[in-house]
Amino acid sequence: MKNSLWPLCAALAAVSLVSGCATRLQAPLELNVVALNDFHGHLEGGKFKYKINGQESTVHAGGIDAIGAALQAWRKEDKELMFVGAGDLIGASPAMSSMWADEASLTALSMLGMNASSAGNHEFDQGRSELLRQQHGGCESHRADKACKLDPNYRGASFTYLAANVIDKATGKTLLPAYKIEEAKGVKVGYIGAVLKDTPSVVLASGIAGLSFLDEADSINKALREVRAKGATVFVVLIHEGGHTDEAFNEPDCKNLKGPIVSIAKRLDPELKLIISGHTHQGFQCKVDGRTITQAEMGGHVLSRIKLAVDPQSRTLRDITVRNVVIKPGEYSADPRLAGYLKQVKERSQAALARPVARLGAKSIPRKLNAAGEAPLGNLIADAVLDATKAEGVQIAFMNGGGMRKDLETGDNQVTTYGQAQVVLPFSNTIVVMDMTGAQLRAALEQQWIRKHADSEAEMLHPSRGFTYRWDGTKPKGQRVVPGSAKLNGVALHDAKTYRVAANNFLAEGGDGFTAFAQAANKRNTQMLDLDAFVRYLSANDQAGKPAGSSFVAGRVETTQ
C-alpha cells in the first residue's frame, strides 16, 4: 500500500495540491544534544571500567581537554549542537577542583559551552547561598579559604542550573529557574530540570533551611504547561535521579531499567519523551513505556550523543536516537582553550596538592566494606576525629561511609600527600561534639539498615577505637544489633547513661537518615574541618614513629551471619 501511494503523493506534492503529502515527504530537522551527568569536578581524565557481553575492560577516559576536543569536532558537524547536564557537576570532587570551591570546574563547563543543567544533590552540599554564588559569581562565601582564590573575579557559571521542584518557602517561587528554552534550527526546545526529592536526606539541613523539595513528576508536569505556553514544541527533562540495569552502558534501547527514575517517568506528561538522568553513576540508554531515558556514567568518562528528529512543519518530535560514547583522550584534535585551562589549573594546584603529609602504615587504605560492614579507612578517620576532640571529653566518634569518596593512596614510599587526603574528604565538613544516651546510640546503629528505598543498601557507620558491637542480619530491621554487644572499652552501653560523641556536621544534623544524631543534646560545632583533623592525626602518628592506617579492618564490627 505504501509503495502504490508513493507516485500519487509525489505528484501531488510536486504541484502543491496536497500539503499533507508534502509534509510527510520532507526530511525531518535534526537537532543534536550532548549530555553529561555527575561530573563531580573531574577536570582530569581517569579510569573507566565497563563490561560488555560479560567481558570487562578498563580505559583511560574523560578530562575537560578530551571533552573539549570531542565537542569541538561535533560542533563542526552541527554548529547549533546543545550541551546539557543532569546534576552533580560539582561536589564530592577531586582535590584539584574542591580546593578552589569547584570554581575551576564551573568555569571549565562554561568554556565547554554548556547550555543548562539540572541541579543535583551535591550542588546543595555547601548550602543555598553558596550554590547561588557559584551560579551568579562573587566572592562572599563561608569558604573564604577557597572562594575566588583561583580567580579573584569569579563571575559564576555561564550555563543555567534548573530545579522545578525546589521551592523557597518565603516566596513560594523556585530557588532556581524551572526551565530554559533554547532555539536550534528554528525549533524551540524546552529543558525542564529537577533534583531528587530526597535531597534533604543527603545534605546538611542547615544549608537548605527554608527550602521545600517537591515531587519530581508533579513539578516537571507543572513547568511543562508554562514552557509550552512560551512556544516550545520539543521538550527534554533534565533530572538528577536515576536507576540501574545490568545491561551494558551502550546497549541500544535497553529494556531492564529499574529504580526511582522509572516510576517518575511513568507519571510524566505524554509529551515528555526524552529524560536525561543522573545520580546513580550508571551508563544506559533505555526505553520505558515509549520514553527514552539516558544516563552517561560519571566523571565525564562517557557522553550521551542524542539526535532528535523534528517534524519541519509542526516542529514536534518524531524520533530519538541515543549513543553513549566513551571520551578517549587523543581521539579528536585538541581544543587549545580547554587544554590550556587544564594546564593552568594543574600548575596552580600542584604545589599545594603535592605537599607530603605523613608516612602511612600501608600503601593503600581502602574504604571497601568487609562482610560485617567495616572498612579500614572508616576506622582511620573515626580515630582521627576522636583524637581531635578528646580534650572535649569525647568518648566515641563516627564516620559515615558516603563521606569517604576515595581510598587513601600513597606512593611506593607510603607517604601520602595533602591532595590524596583531600580527595578522601572533599566536603569541608566540620566536627560536631554532642551528648547521646546509650539508647540513642543503639538507635543510630539500627538506622544503618533502615533506608528510604526498599532496594537501598545499608549505610554503615564507622566507629572509633574502643567502641565495638555485633549485629545479626537474620533479625528484622530495627532489631539487628545483638543485645548487650554494643560496648565502650569492653563495658556494655547503658541506655540511660550519657556519652560524649563526635561526628561531622552532616551526620550531626541527621544526614543519611541517621535521625538519632539529630536528637542529640548539648551540640557544639567545633568549626574544625574533618580534613584538618585527619591530616593532623596522620602527621602526629608519623612523627611519633607509629604510622597510622592499615589495609585490614580493626575488628570493631562483627556479624553473626
Quick check on segment 135-143. Is at least one of its residues in a helix (DSSP H, G or I), surrounded by fewer than 17 Cβ atoms within 10 Å (Cβ to Cβ) and free of Cβ contacts under 8 Å to residues at least 40 places away in the same chain?
yes
Which one of these does His122 not meet: (1) open to solvent by 20 Å² or more (accessible area, probe 1.4 Å); (2) in a helix (DSSP H, G or I); (3) in contact with a His (Cβ under 8 Å, 6 or more places away or on another chain); (4) farther than 21 Å from Val237 by Cβ?
(4)
Filtering segment 345-360 down to residues that are buried (at least 16 other Cβ atoms within 10 Å of the Cβ) and either part of a strand (DSSP E or B) or within 25 Å of the chain's Cα centre (by Cα) (or both) yields Val345, Ser349, Leu353, Val357, Ala358, Arg359
Just the residues that are within 20 Å of Leu380 (Cα to Cα) and either part of a loop (DSSP other than H, G, I, E, B) or in contact with a Pro (Cβ under 9 Å, 6 or more places away or on another chain) (or both), please, taken from segment 457-476.
Glu459, Met460, Ser464, Arg465, Gly466, Tyr469
Starting from segment 388-414, keep only residues that are under 19 Å from Gly299 (Cβ atoms), then list their pairs with residues that are part of a loop (DSSP other than H, G, I, E, B) and of a type in the set (Gly, Ala, Ser) whose Cβ atoms are within a distance under 6 Å, requiring at least 6 positions of separation or different chains.
Arg405/Ala92
So which of Pro252, Pro260 ends up being open to solvent by 10 Å² or more (accessible area, probe 1.4 Å) and under 24 Å from the mean Cα position of the chain (by Cα)?
Pro260
Can you pull out every residue in segment 345-358 that is out of contact with any helix residue (DSSP H, G or I) (no Cβ under 6 Å at 6 or more places or on another chain) and either touching a residue at least 40 places away in the same chain (Cβ under 8 Å) or aromatic (Phe, Trp, Tyr) (or both)?
Lys346, Arg348, Ala352, Ala354, Pro356
Test result for Pro152, without any contact (Cβ under 8 Å) to a residue 24 or more places away in the chain, within 20 Å of His240 (Cα to Cα) and part of a loop (DSSP other than H, G, I, E, B):
no
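Quick grid of which residues meet (1) touching a residue at least 12 places away in the same chain (Cβ under 8 Å); (2) open to solvent by 20 Å² or more (accessible area, probe 1.4 Å); (3) within 30 Å of Ser57 (Cα to Cα):
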position	(1), (2), (3)
Lys343	no, yes, yes
Ala362	yes, no, yes
Arg367	yes, yes, yes
Leu380	yes, no, no
Leu386	yes, no, no
Val432	yes, no, no
Here are Ile181, Ile167: which of them is closer than 26 Å to Ala70 by Cβ, surrounded by fewer than 20 Cβ atoms within 10 Å (Cβ to Cβ) and of a type outside the set (Phe, Trp, Tyr)?
Ile181
Checking the conditions here, which among Val326, Val237 is open to solvent by less than 70 Å² (accessible area, probe 1.4 Å) and either under 26 Å from Gly186 (Cβ atoms) or not aliphatic (A, V, I, L, M) (or both)?
Val237
Where in segment 477-561 are there helices (runs of 4 or more DSSP H), lying fully within it, with 1 or more residues that are open to solvent by 40 Å² or more (accessible area, probe 1.4 Å) and closer than 26 Å to Gly207 by Cα?
515-518, 530-543
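The values are calculated or read from the model by the stated rules, or taken from the named source; none is laboratory data. Every value quoted in this text rests on a predicted model; they were computed, and no experiment measured them. Virtual Cβ from ideal backbone geometry, glycine too; neighbours counted across all protein chains shown. Heavy atoms of the whole protein, side chains included, go into the accessibility calculation; ligands, DNA and RNA do not. Shrake-Rupley method; radii C 1.70, N 1.55, O 1.52, S 1.80 Å.
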